Structure formats: structure tokens, C-alpha cells
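Derivation of every value follows stated rules applied to the coordinates shown; laboratory data play no part. Owing to the predicted nature of the structure, the values given are computational and were not obtained by experimental measurement. Here the Cβ positions follow ideal geometry from the backbone for every residue, glycine too, while neighbour counts run over all protein chains shown.
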Amino acid sequence: MWVGVEMTSTDTSMDDARALDGPFYIGGTKFVSRLIVGTGKYESNQIMVDAIRASGAEMVTVAVRRVDLDRSKDEAILHHLDPQDFFLLANTAGCYTADDAVRYARLARAAGFNEFVKLEVIGDERTLLPDVHATLEAAKTLADEGFKVMAYTNDDLITALRLEDVGCVAVMPLASPIGSGLGVVNPYFIREIKARLKVPVIVDAGVGTASDACVTMEQGVDGVLMNTALAAADDPVRMSHAMKHAVVAGRLAYLAGRMPSSEIAVPSSPIEGMLD
Amino acid sequence: MTPDTRIDIQLNGKRQSFGAGHTVTTLLEALELHPGMVVVELNREILDRENYDAIKVVQDDMIELVHFVGGG
């Protein structure tokens, strides 16, 4: 079971930066890292583990699947990730109906780690956009059963509000479609969702590179969840380092409050005192 | 071995034959699976691990054995 120890990194500049922010809470559990990472699509289990460690993430997502009884691959994630080191967030990826998502969530909880679930009900194969009606239905069922539901959803304010109403502990609008790497396509809606919800808002899916993660965090959201941006980078470990810094940079920039932008130049040096 | 000493079950979507008399515990042992690493669904009901010893596997049971794999 995840023990939630403070990070014992030797990276003092990262520690200093995080000290300017502070922890945050999802469903009553404290997290320091605002980066949540997936465990899918890595070329090897070793690269996955190295990348996740480099990312500094505490919460990692996992999927629920049939055991491969032919033992053709070593798929069991718990053979590679120590559940004492990471908070496991099981997802319902691949589910297209509320009933299926509820079934997968119950199976995940029976594994015995925690009550959290990343609820994902897909409505369309090409875009992997969420079926928000089915998501709401499943979210209500699961919240009523005591699950701590973190719901993947569209960047739609009304759905986000409804998901909060039915008891989700976090609402997770997409930046852009899953695995697309297009970055935040609608920062205005993301900001509005964050402004209107009381529960944490985690942007889930669509981040492609470090600048996308930074821009996402600059919108004021509580965190960002990504998988493909790390797993599909040429060098996943190096990209994970970059993302760790980008998330902290974007968060601190948001907290610091950016300067006003202007379409005309404003000199930085005094205009008085120039020589004749 | 006479036919009635074996049972057919649907295991992870495949029809499979096992010797009769298995409990969930002995079935997992036969499959070399650690009970703490899998979740067992029997005929669409999730089983509590403490009941594995008591539950008999019978003809035509539908069993799903699931675990955590990489995912986003």
C-alpha cells in the first residue's frame, strides 16, 4: 500500500520550487506532485519504471485486464511497480458503457489497494471522446458505492458541474483527444471549469510535450495526467524529467501571476538619462 | 479417468477442462497464480479472497481472472 512518504530527492532546486506551492488533496489523500502518469505503451517495463521515477509522480494509473494464462508476456504491473512507492489509480479504459465501467471499477477495488478509480467511458472509437451521459451514470453509481471517482470528461463545464454534483472527488477534462499530443485546445473552457468547481480539476489526455504541460498548469488547474507524451517520446526518461519541471514551472507561473500582455513594446530600461 | 471426474469451465473467455473438485484456491495454484495478484470474478460476482478456500469450482462456471496491467 502506498505510504505517501515525502519525496526524498536530492534535487534541491525541485524541492525549493515545490516549497513555493504546497501539497494538494484528492479525496482526502495528500499529494505533492501535480503530475499523474500512466503506465501504458512503454517499449519495456524497465523504461516504464525509469520514466515514472524520473517524472516524480506519486499517483500512477493502471488498467484492469484478463490475466494472460499463456504467460506470453510479463504484463503484471505489480511485478514492476512497488505499490508502496506509488498510489495506484485503476482506470476503466476500454469501457463503452456505464455497466462495463462499473464492473471494471469493482474489480479494481477488489484488488485491495484503495477506493479510487479513474472513470473513463468512451463514446467514439475514432476520437476516444467520452460518453458524458454514461460517465455521469457510472459516476453516480460508483460514488454511491463509496468509490472515490476521478472522472475523465470532455472540456464541458456543465458535465463537469454534474460530475461534481454526483460526488466525484476530481473532475478530469481532456486537453485534447487521448494520445493526440495536440495540447490544450480550449484553455478558456479549462479555466472556466477550474473556476467553477470546488473539487480538484486534473487535465487528463492530450498533452504532447513539456510546453503543453506548462500551458496546462498555467490555466490554474490542480494537476495534469499523461501517458503517451512520455511513453511515445524518443527518450521517455528524458521527457519525464522535462515534464516534471514543466508542471512545476506552469504551476509556479500561475501562482506568481503573469504580467499583462501588450501589443506594443514597453521599454525595460529608463528612457531618461540618455546622452545628448 | 472417467468423463465425470472432469469439468469444463469458461476461463477468461476460453473453454477449459479441469479435474473435478477444485476450489478457487486450488484452481489458482494449478494455474500458478498468486491469490494476492489477481481478482477473481465467478459468474459475474467478485469473490472475497477469504472465501477462495470454501468456493468449489463446478461444471460451466464462468471465471474471469484479472489483474493490473499498464494503462493510461
Stick to Cα atoms and the Kirkwood definition of Rh, then tell me Rg/Rh for chain B. 0.98
Taking every residue of A:106-117, the Cβ atoms of other protein chains inside 10 Å of its Cβ average out to 3
With the crude spin-label approximation of a point 7 Å out along Cα→Cβ, what separation in nm comes out for A:Leu157 versus A:Ser13? 3.9 nm
Pair A:Phe24, A:Asp85: separation of 7 Å Cα→Cβ label points (nm): 2.5 nm
Using only the C-alpha atoms of the stretch A:74-222, find the volume of their convex hull and express it per residue in Å³. 123 Å³
After finding the eigenvalues of the alpha carbon gyration tensor for the protein assembly as shown, what semi-axes result from the square roots of 5 times each, listed largest first in whole Å? 45, 21, 17
Quick one: length gained pulling A:Ala232 to A:Arg66 fully straight, 0.36 nm per residue minus the C-alpha distance? 57.3 nm
Using 7 Å Cα-to-Cβ label points, what is the A:Tyr96/A:Val32 separation (nm, one decimal)? 4.4 nm
Lysine pairs, Cα distance under 24 Å, 8 or more residues apart or cross-chain: how many in the protein assembly as shown? 22
Round to the nearest 0.05 the FRET efficiency obtained for B:Asp8 and B:Glu32 when R0 = 22 Å and r is the Cβ-Cβ distance. 0.60
In a Gaussian network model over chain B where Cα atoms closer than 10 Å are linked, find which of B:Glu50, B:Glu29, B:Glu41 has the largest mean-square fluctuation. B:Glu50
Can you list the residues of the stretch A:222-263 with backbone N under 15 Å from a point 7 Å past the Cα of A:Gln46, pointing along Cα to Cβ? A:236-237
